[in-house]
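Contents: one structure, followed by commentary.
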Amino acid sequence: MSKSLVIFEYKDEVEAFISQQGTESIKDQNVHILALQPCVQAYLKRRNIPYLNTIGFFNIKSHERLILKAAEIVKPFRDIVSIEDDLGVKEGYNNAFTFYLRHYSILYLLWMIEVIDNAIEQLKPEKLIAFKLDYAFDVMDTIPRNERHLGIIVEELAGQRGLKIELLTGWRRPPNPIMVKVKTSLFEMCKMVVFRINMVIISFKSGNKEYILYPNNTYNLNKIIESFLSKFSRLMSVVLICRNPKAIGRMVCGYNHWCEFYALPGYLPDNKRSGFVKELNKTVTKLKEHFSNNGQILRYKGVMFQKLVFLKIERSMIPFLITLHGQTYHLDKFIRNKRPALILSQMSRGLRYNLGELSEIHNIPSVLISHGSHVPTTNRFADMEWREHGLGLMDTHYKYLAIQTPWARSYLTHKLSNSIPIITGPLLFTKARRDEDYKLSIKKKLIPEHNDKIIIIHAGTPKAYQSLRPFVYETIDEYIENINSLIRAIDRFNEIHLIVRFRPSEFLQLNDFLDLLTTSDCYSVHTEGTFADYLIISDLLASYSSTTVEEALQNKVPVLLYDSQGKYCHIKDAQVLDPSLNITVDSCYFIDSEKKLDWGLNWLVANHFTKDIPDNVWERHVFEDSDKVELTSYFNSLFSSSSGPQKNR
């Protein structure tokens, strides 16, 4: 066999290849296998089939190139896309268009081109082998699962470089378009019936009560809602989306809760949506004209992907925005029927963004309490990516913005927001009890065989390749490699035990994750229990970039930021652990390469874990009590006879 590069993205491709050509054909010494997804890597590893992951083909420069190219692509979309509905809602549609297209399509395509092009450059194959399958476009606001672009990109790159190519075909049952349409129509009819019933019930149940409207119960927002309900007796809450049967039952039975079951309807008759659809189609026509006249924009490393982007717009984005328009119309109707006293949200994308705009239109107080981590940065590329991130979490149409940490306040000095800041301290973050007796009892419950050891918790937020956040978050392969390098280092320390706090997902399942980790007795993987319990027993939290970093610092748990590539440090003034530097005990440390891990851990064992940590090392992370105001107190006037919200102290 000629020197070949076989590229697999999904496990079903490997299975189809083996069924067609046998296992021995990919064990040939002239064959390199590039496994793009962890499910493929784990599948091959279990069968002792050698493979390469993406680590060697996606480096610091790759992260930087993707951010720059994505910025070049997104700029004309921001300049041209200007969609407004009859209610006056505008920015939510434009924000959704650029965010979801960048996040779930453009970056995914750029990543795939980057990785495969670099693999060809380094491995110098004579032939490329990949699957070219029919693909179906996924819903716009979700991580893609069915969009198989691999064969198209491999074919383009092979043609440019004059390489032989073998494109294999598999079989996937395509969805029946008639059945899909029937199911969608029936589902929309059901949602419309439920919506109308809810309108009647809420009017009856609320009586003369005021109510707080909020999107859902994720990210601990329900705790904030409960703080309002416990303080004000003539107050109830209404949640827009609730899919938890237990929560729904409690809301139906409880006197001060209600929910808009499952989701708002998106259907509107033609006469109510024709103007919006016409404007949307006109916008897409303008975009096509612009990119046709500027073909180099949607081209990367010689690969032209304009057709794929506009197919995504036509088949996913347009239906998504039409549905969003219908949901916004019904949300406005809901608000007009029974005006909320206050609106709270933990993010601002899609319908949640439009909720903020509607609150502005109707002059209803609204508060955004971001569930994300917001930190200032001195790195150009991190700054560009955090700006994109902040457009749905900090810079929005919500009137008020809860400032939970000094880092978030510092972030706002460089990235201004039109919202009025309220210094609240942590609202959505986990709160952990830190007394030693309780810590020991939790240790004995969670890790009885290691309760006498130093405990390092690793908690990260890897991003699937279909929803990449370059530079500021790890790719899945980087996440696994960073954990493995920690395992290799900690394996040499008998006094340390590593706990990997892991959240399984469709794109990184537990059994695959376990198979891809280095074998050692120095660590354990935990998926159950509250994060608070793990913070309680933690002597140090290790991470690359995650909200867990700020949660740890708020609970006075020291943090080790670790990036084996050395490209990004999430807390910009973290103490760098390097043998060439003069280091003092601190609350936050940074190690920028695997070769410094041993030295850094030795220093921590000798100087940090054995000594008391001065109180002043936490001051830059945590607000003083005198700086903070309780959210319920700030909005006390909405639910009492006093006039106007309080001023922040």
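Descriptive notes on the structure:
- Extended-chain gain in nm, criterion 0.36 nm per residue less alpha-carbon gap, THR530 and GLU314: 73.6 nm
- Distance cut-off 17 Å, percentage of C-alpha pairs in region 113-202 lying past it: 66
- Given +1 at the Cβ of Lys and Arg, -1 at the Cβ of Asp and Glu and no other charges, the dipole of region 365-512 around its Cα centre is 540 debye to the nearest 20.
- Rounded if a/c under 1.5, otherwise prolate or oblate - region 341-434, Cα gyration tensor axes: oblate
- Rounded D (µm²/s) - region 12-99, Kirkwood Rh over Cα pairs, Stokes-Einstein at 10 °C, 1.306 mPa s: 93
- Overall form of region 5-63 per C-alpha gyration tensor (a/c, 1.5; a/b vs b/c): prolate
- Under the combined filter of DSSP loop state and at most 16 neighbouring Cβ atoms within 10 Å, region 465-545 retains these GluC sites (Glu not before Pro): GLU495, GLU506, GLU528.
- The Cα center of region 506-568 and the Cα center of region 267-343 differ in position by 38 Å.
- Close amide H partners of ASN146, meaning residues 5 or more places away or on another chain with modelled amide H under 5 Å apart, are ASP138.
- Using only side-chain charges placed at the Cβ, +1 for Lys and Arg and -1 for Asp and Glu, the dipole size of region 1-134 relative to its Cα centre rounds to 600 debye.
- GluC sites (Glu not before Pro) within region 99-160, DSSP loop, no more than 13 other Cβ atoms inside 10 Å: GLU126
- Overall, the chain carries a charge dipole of about 1960 debye about its Cα centre when +1 sits on the Cβ of Lys and Arg and -1 on the Cβ of Asp and Glu, all other atoms neutral.
- Against the compact-protein benchmark of 2.2 N^0.38 Å, the Cα-based radius of gyration of region 358-515 scales to 1.31.
- Over region 262-348: Kirkwood hydrodynamic radius from C-alpha pairwise inverse distances, Å: 15.7
- Of the trypsin sites (Lys or Arg not before Pro) found in region 429-500, those in coil by DSSP whose Cβ has at most 15 other Cβ atoms within 10 Å are LYS431, ARG433, ARG434, ARG492.
- Cα-derived Rg to Rh of the chain, Kirkwood definition: 0.97
- Under the Debye formula (equal points on every Cα, no solvent term), log10 I(q)/I(0) of region 32-176 at q = 0.12, 0.13, 0.18, 0.19 Å⁻¹: -0.64, -0.73, -1.21, -1.29
- Heavy atoms of the protein chains alone define the surface here; on that basis the chain has 42 Å² accessible area per residue at 1.4 Å probe size.
- Region 184-217 and region 431-486: distance between their alpha carbon centers, rounded to Å: 40
- Of all DSSP bridge pairs formed entirely within the chain, close to 5 percent run antiparallel.
- Cα-based reach from LYS286 at 19 Å (exclusive), listing aspartates and glutamates while leaving out same-chain residues under 8 positions away: GLU72, ASP79, GLU84, ASP85, GLU91, GLU314
- Close amide H partners of LEU342, meaning residues 5 or more places away or on another chain with modelled amide H under 5 Å apart, are TYR211, LEU213.
- Here LYS132 is the anchor, and the aspartates and glutamates within straight C-alpha reach of less than 18 Å, apart from those fewer than 8 places off in the same chain, are GLU9, ASP12, GLU13, GLU15, ASP117, GLU147, GLU155, GLU156, GLU166.
- Estimated Rh, region 510-637: Kirkwood, alpha-carbon pairs, angstrom: 16.8
- Most to least packed among 617-623, 179-185 [average Cβ atoms within 10 Å]: 617-623, 179-185
- Protein heavy-atom surface of the chain, 1.4 angstrom probe: 51% of the accessible area is carbon and sulfur, with nucleic acids and ligands not counted.
- With 20 Å as the limit on Cα-Cα distance, the pairs of LYS209/LYS338; LYS75/LYS307; LYS27/LYS61; LYS191/LYS272; LYS124/LYS463; LYS556/LYS611 that go past it are LYS27/LYS61; LYS124/LYS463.
The values are calculated or read from the model by the stated rules, or taken from the named source; none is laboratory data. Source: prediction; values computed, not measured. When we count neighbours, we look across all protein chains shown, and the Cβ atoms used for this are built from the backbone with ideal geometry, even at glycine. Please note that ligands, DNA and RNA were not included when accessible areas were found on the heavy atoms of the full protein model with its side chains. Shrake-Rupley method; radii C 1.70, N 1.55, O 1.52, S 1.80 Å.
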